[in-house]
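The block underneath contains the structure these notes are about, expressed in structure tokens.
Quick note: the coordinates plus some simple rules give every number you see, no bench work behind them. In this text, all values refer to a predicted model and were calculated from it rather than measured experimentally. Note that we place each Cβ from the backbone using ideal geometry, even for glycine, and neighbour counts take in every protein chain shown.
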Amino acid sequence: MKKHIPLIVLLFLFTSVTAQQTASEHDGNPDKKKNAIYFSNGLQSKYREDTDGAIRNFEQALRYMPNDAASMFELSEQYSNAGRIEEAFNMIQKAVKQDPENKWYQMRLGVFYRNLDQYDDFIKLYEGLTKKYPDDPEMLSELIDAYLITENYNKAVEKMDLLEQQIGENEFITEQRLNVYKRQGNNKKVISELEKLIKQNPENVRYYGMLAQLYAEIGKEKDALKTYEKIKEINPDNPYINISLLEFYEKNGDKEKAFNELLGAIRNKNLDITTKANTYDYWMQNNNQSKQINEQVKQCGEAFIETHPDHKVGYLILGSYYMVNENAAKSKALHQKALAIDSTDFRSWQNLIISESRLNDNEAVRDHAIAALKYYPMQPVFYWYAGVANAVLENDDDAIAYLEKGRRYTSDKLQMANFDAFLGDLYHKQGEEIKAFDAYDRTLRNDPDNALVLNNYAYYLSLRGERLEEALQMAIRANELVPDNVYYTDTYAWVLYKLGRYKEAEKIMKKCLSLDKNPSGANLEHYGDILLKLGKESEAKTYWKKAQQAGGYSKDLEQKLMH
């Protein structure tokens, strides 16, 4: 079945052949028939999207008629399709040179000038075209764009005026002109164009907003406020009017009115909640030093809940407010509501658990930390809460399991040190000293100035009589970090005692007892032990008896008193 060439192609062929015949008659080319055949074949290849075939045929057409502008025009397009841009550019230049009156050839040349950023040539070309075709708005638009790109604003405005005469007042043209005046810093003309846009579109509050913003920028606050009020009059439910007024009042230093507009924005049912939340964050970041900020957080949280009772954001804000203000019960209730809406919210889980820990509800802390791990199985913070709560509930094996797992999910050195410090204490409690000391060693590698671990490690080593010189350095460092601490001073004295440095131990232990109005039985017993080594047996027994009265002494105290 034969394929029919479309009528439009036949018409184009007829026109091209006629033009080619005319040209042929002038240049005496005897092969116009072959030119027409190859040109026709080229068009058929073009419409089949056979770029290579089209190029071969149009090149043959030019071979038989070298001055054929139509073949040059088509060949330029095919070279472009094949990515042979330089050849395409050269070919369209030849076509225009051969037939300078053809506007389509010139317009294709203009595309090359524009794509190659040759705007001087583009402008020169289109200035000629617009003179020749003054009623063609598309050509005027192209020239205007070129003037704008090359920042020739005066000529751009001149052509915009001409275009507006042709097609009538047009919002797009007015906006283009407006942008030119903005770039030139010509506020008077910007205002004039905005007023024109408002006249053309009296219900479009966007232009009122632009005008109000400009008034505010150039210091015409009264005009700005009047324009903003006009927006409220035209569209009282406009979703962005509160935000615009917030910025206006804030810029003019009226924080109270600005905050009222923030509340208005939150309560505005036409404004999306993401924009509200972002505006709230913006306000908090810029006003976090304000004396009123605490109360403002509360008001915003209440406004969010009032307007969006089914969204978590208000419960989170108000819950955080109560947590900061030490109302753990209200904080807990609000974060539970947030989780009822979104059970995957990390911040809600964390704040809920913190609130419960402040209420000493360790079972709830444990249960909710474990529940949070279902959503965040790689978050060390929830392993920490689960571990600590289990330890407080004396479920030491579970506590160790959670802490050991949690430490594997953290890369933060201090966080890792906290896990290991707690593990060290738990292993010591279980009598697993090797594991405890390994945990303490890991802690001090990541946090060498952890005073609590330095003290505990030193004391436990002294009890075992191991690595006493190392224990002494730990005790000294702990006391440097936290001077005048009863427990750390006692450890320091006790390590000296274990090293046989009794005089030094006596001096440090006296200091320890002076730091506490009601010394513990353990400290009084230690002082008695030191005095005994110094040959002060009577004084030693006196302090052992005081230890007996104070309580908290060792199991060996009764035996000491019997001797």
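Brief remarks on what is shown
- Ranking W104, L393, F248 by Cα position along the charge dipole of the chain, where only Lys, Arg, Asp and Glu carry charges on their C-beta atoms, puts L393 farthest toward the positive end.
- For percent of Cα pairs over 43 Å apart, calculated from these coordinates, the label among (1) 22; (2) 60; (3) 16: (2)
- Aspartates and glutamates with Cα under 13 Å of K32, excluding same-chain neighbours fewer than 8 positions away: D68
- Fully extended contour minus Cα-Cα distance, from Q473 to K155, at 0.36 nm per residue: 106.2 nm
- The relative contact order of the chain, computed from alpha carbon pairs under 8 Å that lie at least 6 residues apart in sequence, is 3 percent.
- Segment T307-N327, length gained on full extension (0.36 nm per residue, minus Cα span): 4.8 nm
- Each label was represented as a point 7 Å from its Cα along the Cα-to-Cβ direction; for N90 and E404 these points are 7.8 nm apart.
- If you bin all the Cα-Cα distances of region 518-563 at 5 Å, starting from zero, the percentages per bin are 6, 29, 38, 21, 7, 0.
- Take each peptide in 236-247, 264-275, count the other Cβ atoms within 10 Å of every residue, and average; sorted highest first, the result is 236-247, 264-275.
- Loop-located chymotrypsin sites (Phe, Trp or Tyr not before Pro) in region 246-293 whose Cβ has at most 15 other Cβ within 10 Å (DSSP): none
- Based on DSSP H segments of at least four residues, each scored -39500 (n - 2.57), the chain has a per-residue ellipticity at 222 nm of -25000 deg cm²/dmol.
- Site pair S514 and A82 shows an inter-label distance of 10.1 nm when each label is modelled 7 Å from Cα along Cα→Cβ.
- Vicinal HN-Hα couplings computed from phi for region 245-251 (Karplus, 6.51 cos²θ - 1.76 cosθ + 1.60; Hz; Gly/Pro x): 5, 4, 4, 5, 5, 5, 4
- Rounded Å value of the spacing that divides the Cα centres of region 362-413 and region 203-251: 52
- Projecting the Cα atoms of L148, M284, F172 onto the charge dipole of region 147-293 (Cβ charges, centred on the Cα centre) puts M284 farthest toward the positive pole.
- Other residues with beta-carbon under 14 Å from the beta-carbon of G521 carry, at +1 per Lys or Arg and -1 per Asp or Glu, a net charge of -2.
- Here the calculated FRET efficiency for F346 and R48, from their Cβ-Cβ distance with R0 = 51 Å, stands at 0.30, rounded to the nearest 0.05.
- In region 125-256, the alpha-carbon atoms span a convex hull of 112 Å³ per residue.
- Subtracting the Cα-Cα distance of D367 and N252 from 0.36 nm times their residue separation leaves 36.3 nm of extension gain.
- Structure note, pairs K413/K517; K337/K429; K298/K413; K255/K374; K199/K220: Cα-Cα distances above 32 angstrom occur for K413/K517; K337/K429; K298/K413; K255/K374.
- Legend: ranking of residues R407, R442, R183 from fewest to most surrounding C-beta atoms inside 10 Å; resulting order R183, R442, R407.
- Note on the chain: dipole from Cβ charges, positive end direction compared against I198, N270, A471; the farthest Cα belongs to A471.
- Nearest-ten-degree value, helix 413-429 long axis tilted from longest Cα axis of the chain: 30
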